[in-house]
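Nothing in this text is a laboratory measurement; each read-out follows from the coordinates by a stated rule. If you're wondering where the values come from, they're calculated on a predicted model, not measured in any experiment. For neighbour counting, all protein chains shown are included, and Cβ atoms are generated from backbone atoms with ideal geometry for every residue, glycine included.
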There are 2 protein chains.
Amino acid sequence: MRLRGRKGIRESLERQPDLIVLDPKARRGEWARHFGNSNPIHVELGMGKGRFISELSLRNPDINYIGVDMFDELLRRGAEKARLAHGGLEEGEGIPNLRLALFNIEYIEEMFTPGELERIYLNFSDPWPKKRHARRRLTHANFLRKYKDILNGRGEIHFKTDSRNLFEFSLNSFSDMGLRMRDISLHLHQDGLREDMVQTEYELKFFEQGMPIYRCEVLIGKEALEEHISSLDLA
Amino acid sequence: MRLRGRKGIRESLERQPDLIVLDPKARRGEWARHFGNSNPIHVELGMGKGRFISELSLRNPDINYIGVDMFDELLRRGAEKARLAHGGLEEGEGIPNLRLALFNIEYIEEMFTPGELERIYLNFSDPWPKKRHARRRLTHANFLRKYKDILNGRGEIHFKTDSRNLFEFSLNSFSDMGLRMRDISLHLHQDGLREDMVQTEYELKFFEQGMPIYRCEVLIGKEALEEHISSLDLA
């Protein structure tokens with residue numbers, strides 16, 4: 001694959017303002033207005049090549065999706081993939097419920113106001129294996145505090161990874177923050193590919209290699225938690 | 001090894017009333033009096049061959065230990081192992097802080113009064129892999145309710161297993177009961193054998209084979225929980 005120059009990529013992104021958001025801070029608190037409706041907003045932090053968010057936006061037209069990543073080239077490819085998934089749209093033909101935003105997740109609170117989101121997806125985030133880099137892991141307490149703030153009463157975090165060490169770290173991080181978990185899985189596709197869920201590119205590769213995928217959901221919002229508890233049959 | 005007949009084993013157990021408790025229900029609410037002091041009581045549910053509880057009783061003379069299992073032969077071997085670990089004691093020479101009790105864990109609440117215990121160890125419990133046997137798993141909600149009852153304000157459950165499926169089930173079971181976990185580990189001896197902890201016979205075998213051991217602690221008592229929370233450095 002021939003890689004376009006940096007400049008070419010940026011120009012391509014600029015040609016797609018319907019799909020690509022290059023200055024997402026400017027949309028803070030304005031996302032509902034921007035989407036033109038009050039549907040729930042689900043965000044993938046670290047969308048990578050974009051398969052996951054693109055598939056979800058196709059399956060669930062009544063949910064607004066935002067994929068976030070910090071590299072121009074990932075956004076360009078993500079946009080390409082999204083248009084393909086949505087029936088081969090041309091540049092300029094928008095996808096009403098999907099946006100791809102160029103942003104550094106470290107400052108995620110600058111992109112959303114408190115309670116603006118309903119769900120955060122963390123898929124195969126960088127495990128940052130060295131202990132001195134623990135604060136960079138997207139499930140570190142510092143990040144969890146930010147997520148709690150920008151999620152609403154129905155707020156949840158859906159997290160999956162192939163990294164045992166990151167999953168272990170994350171389970172402890174959720175526990176230490178006193179967050180309630182649900183559907184913890186230590187080998188998600190143990191009984192075959194979970195077709196009811198959308199997979200990322202990494203995930204499909206790992207599944208083919210028979211490697212375990214770890215996953216859990218974290219209940220942040222008060223309503224989400226109450227609904228979960230009342231749904232449990234502990235008899 | 002020549003196995004003694006059933007009758008021979010029972011007679012051997014009966015000769016060791018200082019160490020073996022054949023009718024533990026009769027001690028319900030009387031364990032402190034029986035040990036002759038008010039030290040905390042830690043119980044291993046399913047002591048197997050007894051290495052773990054025997055080692056612990058040696059390391060921590062100020063804690064009273066009770067190993068529970070339902071097979072005569074396991075108790076006989078456990079007693080043998082305990083006497084060896086304590087410097088080769090003869091039958092009749094007691095170990096002040098250790099008892100091995102013959103009992104069916106299913107009725108554990110008949111062995112202890114509410115708040116009589118400080119800690120429960122669950123080591124390599126039977127995973128009962130079939131879904132229809134889920135209620136037999138020692139971390140099923142029905143058991144957790146019993147444990148909550150018999151544990152005191154400093155009460156904790158320490159759980160380890162080699163079974164990924166049992167660990168997954170247990171994490172969900174703890175979560176669903178709203179119990180707080182601590183020190184969740186998905187590969188306990190990843191960086192070498194944890195000499196600060198006592199291993200069971202199974203565990204040493206699995207460690208040698210490089211298989212992961214899963215472990216976590218569950219905070220049950222109010223004081224245990226408060227102390228844990230105040231110890232956390234979430235900055």
- Out-of-range pairs (alpha-carbon distance over 18 Å; input B:7/B:81; A:25/A:81; B:49/B:160): B:7/B:81; A:25/A:81
- Cβ-defined net charge surrounding residue A:39, 10 Å radius [Lys, Arg +1; Asp, Glu -1]: -2
- Message: Please list 3J(HN,Hα) in residue order for the stretch A:199-204, calculated via the Karplus relation 6.51 cos²θ - 1.76 cosθ + 1.60 where θ = phi - 60°; whole Hz, with x for glycine and proline.
- Response: 9, 8, 4, 3, 4, 5
- Picking from A:171, B:225, A:9, whose Cα lies most toward the positive end of the charge dipole for the protein assembly as shown (charges on Cβ: Lys, Arg +1; Asp, Glu -1)? A:9
- Task: Choose one answer from B:176, B:62, B:191: the residue with the largest mean-square fluctuation in a GNM of chain B with alpha-carbon springs under 10 Å.
- Result: B:191
- Note on the structure: Of all GluC sites (Glu not before Pro) in the stretch A:150-212, the ones in DSSP coil with at most 10 other Cβ atoms within 10 Å are A:195
- Taking 0.36 nm per intervening residue step and subtracting the Cα-Cα distance, what contour gain separates residue A:32 from residue A:165 on full extension? 44.2 nm
- For residue A:133 and residue B:134, FRET efficiency with R0 = 41 Å and r from the beta-carbon atoms, rounded to 0.05? 0.55
- Restrict the search to the stretch B:59-118; then list the GluC sites (Glu not before Pro) that DSSP places in a loop and that have at most 10 other Cβ atoms within 10 Å of their Cβ. B:90
- The Kirkwood hydrodynamic radius of the protein assembly as shown, taken as the inverse of the mean 1/r over all distinct Cα pairs, in Å, comes to 25.1 Å
- Hz values of 3J(HN,Hα) by residue in the stretch B:76-87 - Karplus curve (6.51, -1.76, 1.60), Gly and Pro given as x: 4, 5, x, 5, 4, 4, 5, 5, 4, 4, 8, x
- Message: Under the convention of a label 7 Å out along Cα→Cβ, give the distances in nm from residue B:191 to the same position in every other copy, shortest first.
- Response: 3.7
- Query: Over the Cα atoms of the stretch A:45-87, what is the Rg over Rh ratio if Rh follows Kirkwood?
  - Reply: 0.95
- Would you kindly work out the equivalent ellipsoid of the stretch A:91-162 from its C-alpha gyration tensor and give its semi-axes, the square roots of five times the eigenvalues, largest first in whole Å? 24, 16, 12
- Message: Just to confirm the numbers: residue B:59, label point 7 angstrom along the Cα-Cβ line, distances to the other copies in nm, shortest first?
- Response: 4.6
- Using only atoms on other chains, find how many Cβ atoms lie within 10 Å of each Cβ of peptide A:165-175 and report the average. 4
- Query: Between residue A:71 and residue A:196, what is the spin-label point distance in nm, taking each point 7 Å from the Cα along the Cα→C-beta axis?
  - Reply: 3.4 nm
- Go through the stretch B:139-155 residue by residue and turn each phi into a ³J(HN,Hα) via Karplus (6.51, -1.76, 1.60, θ = phi - 60°); whole Hz please, and just put x for glycine and proline. 10, 5, 3, 4, 6, 4, 4, 5, 4, 4, 6, 7, 8, 9, x, 9, x
- Message: Run through the stretch A:166-203 and list the trypsin sites (Lys or Arg not before Pro) located in a DSSP loop whose Cβ has at most 10 other Cβ atoms within 10 Å.
- Response: none
- Considering only DSSP beta bridges where both residues belong to chain A, give the percentage that are antiparallel (nearest 5). 30 percent
- Quick one, what does Rg over Rh come out to for the stretch B:112-199 if you take C-alpha atoms and the Kirkwood Rh? 0.97
- Which value in nm describes the separation of the simple spin-label points at residue B:209 and residue B:233, placed 7 Å from the Cα toward the beta carbon? 3.9 nm
- Message: Taking the Cα centre as origin and putting +1 on Lys and Arg beta-carbons and -1 on Asp and Glu beta-carbons, what dipole magnitude results for chain A, to the nearest 20 debye?
- Response: 1000 debye
- Note on the structure: Taking the stretch B:176-235, the equivalent ellipsoid from its C-alpha gyration tensor has semi-axes in Å, biggest first, of 27, 13, 11
- Scoring chain B by relative contact order with C-alpha pairs under 8 Å, at least six apart, yields a percentage of 19 percent
- Query: What do you get for Rg/Rh of the stretch B:39-183 when both radii come from the Cα atoms and Rh is the Kirkwood radius?
  - Reply: 0.97
